[in-house]
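Structure first, then comments.
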Amino acid sequence: MARVERVFSGVQPTGNLHLGNYLGAIVNFVKLQENHNCIYCVVDLHAITQPVSVWGGPTELARNIREVTAAFIASGIDPKKHIVFNQSQVSGHAELAWLLNCVARIGWLNRMTQFKEKAGKDRENASVGLYDYPVLMAADILLYRATHVPVGEDQKQHLELARDIAQKFNNDFGDSVRTHGFADGEFFPQPEPLITGPATRVMSLRDGTKKMSKSDSSDNSRINLTDDADTIAQKIRKAKTDPEPLPSEEKGLETRPEADNLVGIYAALAGRTKQDVLREFGGGQFSSFKNALAELCIAKLAPIATEMKRLTADPGHVDSILIEGASRAGALAEETMKAAKDIIGFVRKP
């Protein structure tokens, strides 16, 4: 098996994709495809690690899978040049996760902070899937022998675990790995974090100290990717601010979270720095800046919303993209699984 540089990334189908998802992940996905060999996965197996009340049940899950796929395509990801699919259509994800479960150590999983945060105080009632989530994530990456993974702050620990699992597999089966053609003893590569520049952390429009989230009870706290132009403009106008004019220097944003958030959103959408934005709008009132921000948001997001609505209105077309992507992903996965089984020593059909 030849080593190919490959980027893998996944997005959970949790519904209500918003500006934070777009600026924090999808924009980078679109950029990465220009110079990388990319696999973009809707990780629906991860979605069901939470209670049904969280992911919404079968009808909601299917709708959300299609919506995330539509967002990928509407934002500019090309499913012909790259692979777009949903995780559950490729059985290798679950199968490799079991093999890696037998390599990963309980102590490693016990150190995963995200499980502690998501399970809360009632850990005894959390699903085994939620506890084992990081091993499935490792399988997602290693199934395609991906060399690079774009990660945010909350996923860095999981990527480190994937690296540890890859290294332990290579060590545990070192002689067999070399016997099966990997002279360097490395069957699974050590996936590297892909740094795509400063992460855009988008906060709530109602509280600049909290991340923008679909779970917020107020729809005015976020800009959804499906919002139309009038809704976007209204939400920007209602966004929380403070009574002071915008500062002229970035240092002036340090104690003003709402101002910092709005300036950061403008900078990210415009492809500029915060300091550039403040040079243009510093000293002015929020009303003028909000009008400019609304116009920019509408210019960037309204076409995406329109295309998403067109795509989701034709679920058969979206499904065909996922099916074709799963076929291509499945071929890569099958190659990895055959080699992994041979290395471990399973008897299988030729």
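Nothing in this text is a laboratory measurement; each read-out follows from the coordinates by a stated rule. What you are looking at is a predicted structure, and each value in this text was computed from that prediction instead of being measured. No Cβ is skipped: glycine too gets one built from the backbone with ideal geometry, and neighbour counts run over all protein chains shown.
Details
- Calculated from backbone phi, Karplus (6.51, -1.76, 1.60) coupling profile of segment 74-88 in Hz, x at Gly/Pro: 5, 7, x, 6, 9, x, 7, 7, 10, 9, 10, 7, 9, 3, 5
- Helix 92-101 vs. the chain, principal-axis angle (Cα, 0 to 90°, nearest 10): 70
- Alpha-carbon gyration tensor eigenvalues x 5, square-rooted, for segment 219-310, Å: 24, 13, 10
- Here VAL54, VAL202 are placed in order of increasing Cβ neighbour count within 10 Å, fewest first, which gives VAL54, VAL202.
- The angle between the Cα long axis of helix 128-142 and the longest principal axis of the Cα atoms of the chain comes to about 80 degrees, rounded to the nearest 10.
- 3J(HN,Hα) along segment 51-62, derived from phi through the Karplus expression 6.51 cos²θ - 1.76 cosθ + 1.60 where θ = phi - 60°, amounts to x, 4, 4, 7, 8, x, x, x, 5, 5, 4, 4 Hz, with x in place of Gly and Pro.
- Cut-off of 10 Å, at most 15 other beta carbons, DSSP loop: longest stretch of the chain lacking such GluC sites (Glu not before Pro): 35-248
- Segment 1-79 and segment 170-249: distance between their alpha carbon centers, rounded to Å: 12
- Trypsin sites (Lys or Arg not before Pro) restricted to DSSP loop in segment 91-152 with at most 14 other C-beta within 10 Å: ARG105, ARG111, LYS121
- Only Lys, Arg, Asp and Glu carry charge here, each on its Cβ (+1 for the first two, -1 for the last two); on that basis segment 219-310 has a dipole of about 200 debye about its Cα centre.
- For TRP108, net neighbour charge (Lys/Arg +1, Asp/Glu -1) across residues whose Cβ lies under 15 Å away: +2
- Computed E for THR179/ARG328 - FRET, C-beta separation, R0 25 angstrom, nearest 0.05: 0.25
- Each residue in THR49, THR231, THR69, THR255 was given a count of other beta-carbon atoms within 10 angstrom of its own, and listing them fewest first yields THR255, THR231, THR49, THR69.
- Multiplying the residue separation of ASP207 and ILE344 by 0.36 nm and removing their Cα-Cα distance gives an extension gain of 44.1 nm.
- Cα long-axis angle, helix 229-238 against the chain (0 to 90 degrees, to the nearest 10): 70
- Amide H to amide H, with H built 1.01 Å from N, GLY208 comes under 5 Å of GLU258, counting only residues 5 or more places away or on other chains.
- Listed residue pairs exceeding 21 Å between alpha carbons, taken from LYS118/LYS210; LYS211/LYS274; LYS121/LYS240; LYS210/LYS240; LYS210/LYS235; LYS116/LYS168: LYS121/LYS240; LYS116/LYS168
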